[in-house]
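Since the structure comes first, as structure tokens, the remarks are kept for the end.
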Amino acid sequence: MLEVDKILEKCGDFGRMQLIILILTSLLNVILAMHYESETIITYVPIFWCADGLDSGAAPPNISNCHPLQTNSTNYSSCKHYKYESYMGYHSFVSETDWICDDMWKLNVGSALYSLGSLLGTLVLGYMGDRVGRLPALILANLISMVGNFLTIFGTSLFTFCIFRIINGFATDTNYSMMYILLVEHIRPSLRTICLSITVGIFYCLGAISAPWMSLLLGTWRSFLLFSSIPLIIVPFFYFIVPESVQWLISRRKYNQAVASLRRVAKINGHQIEDSVYEEFIMNCKLSQQNNKIDPNLLHLFRTQRLRRILLILAFEMAVISFSHFIITRKLYTSSRFSYFAWRSIGNTTILPAWLIALAFQDIIGRKAMIATSLICCCFFTLMTNIGLFDGASTTDRSKSKPAHYR
């Protein structure tokens, strides 16, 4: 909406208010990085073996085994007690519940329901963001994230674990996307890309890198869930700091609230704006909305061939990226060469250079070329990682004993 960009330029489109929003967005990215990493960190599968018939001082095996080691039995259900080789003393959800071998499917069900919750929550909370405002949707989503993580601490049965994973997943994406929208809609267009690069490339990267080591420092999956969820209690206070989106207020024809939000931005940025400027702005917005007889909604994405094509391309792109991320994340569980926590942390260091590369080249080669290049590189490096890094370790493990039943 060009009228909003013009009035924001007069009120200050990169002043103290924008810096406050940028700082809060960066802080939220650090917290949410911990929150997202918890989804896989708490279900880390350490080396395990059947302890039936073994002396208490017996040396642990090199790789995981589901069947009793001192018998020729291949019936996993015959094992009554498992032991785990915890990494640096970290006790995961898996080592407490024994969801391994024949019970490994329970973790997969929890992960699948987390994704289902994310799908439903993105639609519901996204719709809420368009109907009642960006700030209420942001606050509700992060409170749901906090509650979902907190309740998971008590969800060690399959039913409760699945319910709490759905609740946690329900807020995924909305708990940060609304803050991105508020940041973008209050900053001048020329600085939007670099500001988003700062919040994700630096601060989300720092949170994601430190998350595995924080879990090791805290020692248990419950402590890490508390550590990653309690800081989200600060998000409701954003309501008193961050102004509501002016563009959204105008789109809902809440003109008085839009002017109040603009006055607040101008005051914090130290700008004095005449009342006549706001009146002219509202008149221009009303005129523009009168000329536009169509009230856009979600179904308008399918009305023209161009919009349908763009929507399908974006859906395909996100599906490829999500699938590749899933493969790499799950493959880490099967690598016996490296510490999962170290690999998780090292992998997250790529966030910063990825954003820097995008920042440097997207204005040179264009958005479409950048997306195509990124997808090609993603597919290539995923293939090379699978062939060159893990297959050798898997072959070695298969030659030693029966393969472990990993997720």
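Observations, loosely collected:
- Total residues in segment 93-116, condition surrounded by 21 or more Cβ atoms within 10 Å (Cβ to Cβ) and not in a helix (DSSP H, G or I): 2
- Consider segment 290-319 and keep the residues that are under 22 Å from E3 (Cβ atoms) and in contact with a helix residue (DSSP H, G or I) (Cβ under 8 Å, 6 or more places away or on another chain). The one that is modelled with the highest pLDDT is H300.
- Taken together, Y87, Y114, Y127 contain a single residue that is among the hydroxyl-bearing types (S, T, Y) and farther than 30 Å from S64 by Cβ, which is Y127.
- Only helices (runs of 4 or more DSSP H) whose full extent lies in segment 203-319 are considered here, and the ones with at least 3 residues that are aliphatic (A, V, I, L, M) are 205-218, 246-251, 255-268, 275-291.
- Among the candidates S157, S190, S197, residue that is surrounded by fewer than 22 Cβ atoms within 10 Å (Cβ to Cβ), without any contact (Cβ under 8 Å) to a residue 60 or more places away in the chain and within 30 Å of N269 (Cβ to Cβ): S190
- Residue list for segment 22-53, restricted to those being more than 19 Å from L196 (Cα to Cα) and without any contact (Cβ under 8 Å) to a residue 24 or more places away in the chain: G53
- Failed item in (1) part of a helix (DSSP H, G or I); (2) modelled with pLDDT under 90, with I167 passing the rest: (2)
- In the set (1) hydroxyl-bearing (S, T, Y); (2) without any contact (Cβ under 8 Å) to a residue 40 or more places away in the chain; (3) closer than 19 Å to G347 by Cβ, the condition left unmet by S223 is number (3).
- K254 meets each of the listed conditions (1) closer than 28 Å to T350 by Cα; (2) surrounded by fewer than 24 Cβ atoms within 10 Å (Cβ to Cβ) apart from (1).
- Complete set of residues in segment 170-181 that are surrounded by 22 or more Cβ atoms within 10 Å (Cβ to Cβ), part of a helix (DSSP H, G or I) and hydrophobic (A, V, I, L, M, F, W, C): F170, M178, M179
- Segment 117-147, residues that are touching a residue at least 24 places away in the same chain (Cβ under 8 Å) and either part of a loop (DSSP other than H, G, I, E, B) or among the small types (G, A, S) (or both): G117, S118, G121, G126, G129, G133, A137, A141, S145
- Filter result (within 25 Å of the chain's Cα centre (by Cα) and hydroxyl-bearing (S, T, Y)) within segment 96-112: S111
- So I209, is it surrounded by fewer than 16 Cβ atoms within 10 Å (Cβ to Cβ) and of a type in the set (A, V, I, L, M): no
- In segment 7-21, the residue that is nearest to S229 (Cα to Cα) out of those that are surrounded by fewer than 20 Cβ atoms within 10 Å (Cβ to Cβ) and in contact (Cβ under 8 Å) with a residue 24 or more places away in the chain is I20.
- Taken as a whole, segment 237-250 holds at least one residue that is touching a Gly at 6+ places or on another chain (Cβ under 7 Å) and among the acidic types (D, E).
- Within segment 320-365, tally of residues that are at pLDDT below 80, in a helix (DSSP H, G or I) and small (G, A, S): 2
- Checking W248 against (1) crowded, with 20+ Cβ neighbours inside 10 Å; (2) modelled with pLDDT of 90 or more; (3) within 20 Å of the chain's Cα centre (by Cα), the condition it does not meet: (3)
- Residue identified as at pLDDT below 90 and not hydrophobic (A, V, I, L, M, F, W, C) among G89, G117: G89
The values are calculated or read from the model by the stated rules, or taken from the named source; none is laboratory data. Computed from a predicted structure; not experimentally measured. Glycine gets a Cβ as well: all are built from the backbone with ideal geometry, and neighbour counts include every protein chain shown.
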